[in-house]
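Quick notes on the structure that follows.
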Amino acid sequence: MFKLAWASLWNRRGSVWLTVIAIAVSTLLLLGVERIRVQTQDNFANTISGTDLIVGARTGSTELLLSSVFHIGNLSNTMSWQSYTYLQELPGVAWHIPMAMGDSVQGFPVIATNDSLFDYFRYGNKRPLEFATGHNFAAASEVTVAVLGAEAASELGLGVADDLVIAHGTGEISFSNHDAHPFKVVGVLAATGTPIDRGVFIPLAGQGLVHGDYLPADEHGHDDSHEHEHEHGHAHNEPPVYTLSAVLLGLENPALALRLQRTVNTYKDEALSAIMPGLALQNFWRTLSLFERALVTISGLVVVTGLLGMLTTLLASLRERRREMAVLRAIGAGPVTILGLLVFEALLVTLGGTLLGTLGLYAVLLFGADVLQATLGIQVTASLLTTRELTLLGAIIAAAILLSLYPAWRAYRNALADGLTVKI
């Protein structure tokens, strides 16, 4: 059976190859969309970990999440430094990371913070931030220093000891540059695959300086070192900035998160919002489920188109193969042989297409992952096929076998006399 099917396919190799390529492209698209969907969801969920609460001025959970974690958009309200002090003193708070945003460098967001970010921020499976080169703020002797995310450093073409100028606003083009206070790059973070990679991080006092909220010690006539001011986050009992965009909180006991969230949300001195990032990420992903389903549906339709192309090829070849089928019946081939031959041909074509499509997927993952990351911001890795991906491949093969039953039945129904009679 195999030799007969292979010989028949080789005799029609031109049209067969086109069908194989169509199925391969369909398989590549289906598996690629599935791989991107799953790994994007995993990367999305792993953007931040180990943070129990995110606190900001009263706003929606999505807006606070996008601003503090993804550095997208601008919060209409900010929280006062006094509220930040209140959060630090809450029982059960183990660490806190203040964030002030609103500036940018050529479209890359500027996040004013302190060294707590590098000490306590976690992503993925509670992985810490690491420096590819350089060091954090504390190792510098001034406040006009910056640490760059991996992508920001690459796109801006900056490294340690280079200068940069931050601009007011978050657009790629700004007409209000803070060029009176250039910042020196003192560190570049290792790539994380999260929005951290696009960040430009400066000390809180650095942002306060360019906005006029903070005055260095020498302008007050004192000899205190910048490093002392920088480490404590204030000078002369004044905060480095007067308002913050958000604060990330880590608790001694994560089970206290709900109670502390209620405490913050009912704080009377200022309207605050506290969200749990894990829950907020899940809720936000659900809002994107429509686009997720649309992608899967489109890729499924492409697979159906490829299988219908195979069906069309089989049906079109029946007229040319009527004499072949008639000869097979004349020499005693039964229904099982005729049906099995065409079904086996369809199986070989589909197996070839799915195998080629799977190899194409791994070629893209191995050689095109960096391009996808750089151009589309999509991070995918080459790993073994998942159970769901194997199920999808099985579904393609099963659908091909079912579709091939119709042309196989049509071939068997062709009359013997009709096949052997020469028509004029």
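Computed from the coordinates by the stated procedures, all read-outs in this text should not be read as laboratory data. Only a predicted model underlies this, so the values are computations on that prediction, with no experimental measurement involved. Every residue, glycine among them, receives a Cβ derived from its backbone with ideal geometry; neighbour counts consider all protein chains shown.
Taking θ as phi - 60° and the Karplus parameters 6.51, -1.76 and 1.60, the scalar couplings of segment 54-66 work out to 10, 10, x, 5, 4, 6, x, 5, 5, 4, 5, 5, 4 Hz in sequence order, x denoting glycine and proline. Using the average count of surrounding beta-carbon atoms within 10 Å as a protection proxy, the listed peptides 28-38, 281-291, 156-166 rank, highest first, as 28-38, 156-166, 281-291.
Per residue, the convex hull around the alpha carbon atoms of segment 14-163 comes to 187 Å³. For segment 11-95, the alpha carbon positions stretch 82, 28, 14 Å along the principal axes, listed from largest to smallest.
For segment 112-135, no residue has its backbone nitrogen under 18 Å from a point 7 Å from the Cα of ASN253, taken along Cα to Cβ.
Here, segment 55-101 yields an orientationally averaged convex hull projection of 3.5 nm² when only Cα atoms define the hull.
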